[in-house]
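A short write-up of the structure that comes next.
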Amino acid sequence: MPLQLYNTLSNKIEEFQPAENNTVRMYACGPTVYDFGHIGNFRTFVAVDLLRRFLRQSGYQLQHVMNITDVDDKIIRNSAREHKSVQEYTRKYELAFLEDMQTLNLQRPERLVRATEHIAEMAEFIRKLAEKGYAYRTEDGSYYFHIARFPGYGKLSKKDFAGIETGARVDVDEYDKDNARDFALWKAPKEGEAHWESVIGSGRPGWHIECSVMAMKYLGPSFDLHAGGEDLTFPHHENEIAQSEALTGQTFARFWMHVRFLLVEGKKMSKSEGNFFTLRDLLLKGHKPSSIRFLLSSVPYRKQLNFTFQGLEQAAHSVGRLRDFKSRLEMAHLPSGKSEAMQQLAAETRREMRAGLEDDLNTARALAAIFDMVREANTAADRNELKQADKEPLLAALNQFDEIFAVIKDDDAEKIARATEWARAQGLLEQSNLAANLISEEEVERLIAERAAAKKARDFARSDAIRAQLTHAGIVVEDTKDGMRWKRK
Ligand code: AMP
Ligand code: ZN
């Protein structure tokens with residue numbers, strides 16, 4: 001059966017198939033490279049990766065384009081503040097993002113394209129929109145899209161803009177989410193800020209235009225699927241549709257996939273809440289990339305996912321079970337022959353995993369199937385009922401699972417070491433808050449117990465060494481009459 005996928009545009013689950021031959025042409029909004037990617041971003045990127053891997057497993061070819069937003073208000077502001085060119089400023093974060101992708105086993109899209117390398121094409125696109133009467137120029141040399149001229153405005157976000165105020169404009173990339181305004185396609189240069197020369201004068205592109213231009217350049221005026229986090233539905237994707245369809249008169253993307261926002265410990269992730277984590281923060285705390293990927297994949301993309309440290313521990317445990325099962329299968333010396341029950345179990349698991357993913361990428365269903373298999377096969381092995389010829393189909397089921405979930409191969413330690421090395425080279429480990437984060441709670445507890453034991457054994461040199469190690473990591477230990485207490489500095 002083909003994939004049944006929820007389409008934000010139609011508000012329905014629909015059968016997903018590429019429009020032309022066997023190739024899925026898809027576009028996913030990529031990162032804005034002004035900072036390191038956080039785990040919310042990675043929920044979206046992991047969901048798109050799961051889709052990508054499932055489509056490939058289903059026999060499709062892919063033409064998947066992802067943009068790198070390397071120019072926007074924040075980037076211009078931050079690079080000017082650091083007296084760097086936009087390029088110099090963004091390259092560091094772009095590289096970090098590519099490395100983070102590898103860390104999480106995200107497959108590289110067929111094309112990764114930078115906004116700043118398509119500015120001339122953006123200007124040309126805007127020129128054509130102006131020629132057709134969809135864009136207008138303001139006195140300062142900026143260009144805006146005239147949303148009242150595009151009757152379909154609001155069809156993706158299902159907002160009713162019947163009474164749109166014509167001429168009300170917004171020129172910042174950070175939007176008021178409920179208000180429809182003519183949006184900036186091109187912004188006239190401001191003193192001291194980066195700008196480009198083009199057929200429509202000097203300036204820089206607004207945020208939305210890059211995705212229309214790059215999607216159409218690499219995928220054609222009409223393509224199969226467009227993806228991003230749920231916050232992008234309005235205004236970003238609504239605006240992409242308006243400017244693209246105004247120009248071509250064709251349906252821009254047939255399917256729109258939006259990934260629900262990640263919550264952290266039940267709240268929206270924000271710096272002020274102290275629950276804001278980049279992928280790198282978690283690695284430096286010793287959390288494994290495989291646990292993070294597993295946790296982000298475990299809840300279907302349209303359901304609420306609440307990221308907790310307890311959930312992360314459970315994810316590590318689940319990945320461990322899969323890895324243990326795989327080595328058990330590989331190493332076991334089993335009686336020859338095969339067991340009908342195990343053969344059926346493997347076949348049924350493979351079917352159920354596919355059925356789960358075909359069901360709007362219901363990863364929870366696929367996971368339930370694989371863990372049932374692991375439990376039943378382990379029980380059979382304990383009872384000596386697992387046979388030599390059962391290995392192959394069970395391993396094939398595990399393999400089918402891991403083509404999508406990509407957590408079984410154990411390269412976590414190398415990845416954590418690489419991230420730590422990188423942070424040290426950047427001088428980040430010296431910052432006390434990061435150093436404090438370096439030691440996990442379990443590790444602190446273990447060291448404290450070891451220190452107590454050393455004291456009891458009157459090994460004061462060892463106990464002092466442990467205290468110094470903890471202090472260096474920003475942990476304060478107090479000896480009280482009830483024992484030792486600790487806190488982070
Ligand atoms: P940005 O780097 O801000 O352009 O975002 C990159 C991608 O991450 C976009 O598709 C966003 O919609 C998505 N995103 C941002 N925050 C979250 C979050 N908390 N949960 C899920 N996706 C997010
Ligand atoms: Zn975009």
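Under a model in which nothing but the beta-carbon of Lys, Arg (+1) and Asp, Glu (-1) is charged, the chain shows a dipole of about 820 debye around its Cα centre.
Each residue of segment 298-310 is assigned a 3J(HN,Hα), and the resulting list reads 6, 9, x, 4, 9, 9, 5, 10, 10, 7, 10, 6, 5 Hz, derived from the Karplus form 6.51 cos²θ - 1.76 cosθ + 1.60 (θ = phi - 60°), x at Gly and Pro. DSSP beta bridges fully contained in segment 26-173 are about 25 percent antiparallel. Equivalent ellipsoid of segment 185-245: semi-axes from √(5λ) of the C-alpha gyration tensor, largest first, are 25, 14, 9 Å. Karplus-derived 3J(HN,Hα) values for segment 373-388, using 6.51 cos²θ - 1.76 cosθ + 1.60 with θ = phi - 60°, are 4, 4, 5, 5, 5, 5, 4, 4, 5, 4, 8, 6, 9, 8, 10, 3 Hz; glycine and proline are entered as x.
The antiparallel fraction among DSSP beta bridges confined to segment 185-284 stands at about 45%. Rounded if a/c is under 1.5, else prolate if a/b beats b/c, else oblate: with a ≥ b ≥ c from the C-alpha gyration tensor eigenvalues square-rooted, which is segment 246-345? It is oblate, given that a/c is not under 1.5 and a/b is not larger than b/c.
Amide H to amide H distances under 5 Å link V259 with G228, G229, E230, where only residues 5 or more positions off or on other chains count and H is placed in the peptide plane.
For the chain, the 222 nm mean residue ellipticity estimated from helices alone, with every DSSP H stretch of n ≥ 4 adding -39500 (n - 2.57) and the total spread over all residues, rounds to -15000 deg cm²/dmol.
Which entries of K217/K271; K84/K303; K285/K391; K92/K187; K12/K267 have Cα-Cα distances beyond 32 Å here? The pairs that break the limit, which is 32 Å between Cα atoms, are K217/K271; K84/K303; K285/K391.
The shape of the chain comes out oblate: with a ≥ b ≥ c from the C-alpha gyration tensor, a/c is at least 1.5 while a/b does not beat b/c. Around the amide H of R114, modelled in the peptide plane, lie the amide H atoms of I68, all under 5 Å away and 5 or more residues distant in sequence or on another chain. Panel values: segment 335-394, Kirkwood radius from alpha carbon pairs, Stokes-Einstein at 25 °C and 0.890 mPa s, translational diffusion coefficient 208 µm²/s. Note that segment 267-405, at 10 °C in a medium of 1.306 mPa s, gets a Stokes-Einstein diffusion coefficient of 96 µm²/s from its Kirkwood radius over C-alpha pairs. Charge dipole of segment 4-259 (Cα centre as origin; +1 on each Lys and Arg Cβ, -1 on each Asp and Glu Cβ, all else neutral): 480 debye, rounded to the nearest 20.
Rg ratio for segment 4-259: its Cα radius of gyration over 2.2 N^0.38 Å, N being its residue count, equals 0.98.
Each of H237, V46, V374 was scored by the projection of its Cα onto the charge dipole of the chain, and the greatest displacement toward the positive side belongs to V374; charges sit on the C-beta of Lys, Arg, Asp and Glu. The listed peptides 79-87, 109-117, ordered by packing as a protection proxy, come out as 109-117, 79-87 (highest mean of other Cβ atoms within 10 Å first).
Once the Kirkwood radius over Cα pairs is known for segment 280-332, the Stokes-Einstein relation at 25 °C and 0.890 mPa s delivers a diffusion coefficient of 203 µm²/s. When the Cα positions of T363, W422, G337 are compared along the charge dipole of segment 332-489, W422 comes out farthest toward the positive end, with charges on each C-beta of Lys, Arg, Asp and Glu.
For segment 1-155, taking Cα atoms only, Rg and Dmax work out to 18.7, 56 Å respectively.
Beta bridges from DSSP with both residues in the chain: antiparallel share about 45 percent, rounded to the nearest 5. Put simply, when 294-302, 367-375 are sorted by average Cβ atoms within 10 angstrom per residue, most first, you get 294-302, 367-375.
None of the figures in this text is laboratory data; all of them are computed from the coordinates on show. Here the structure is a predicted model, which is why all the values come from computation and not from measurement. With ideal geometry, Cβ positions are generated from the backbone for all residues, glycine too; neighbour counts draw on all protein chains shown.
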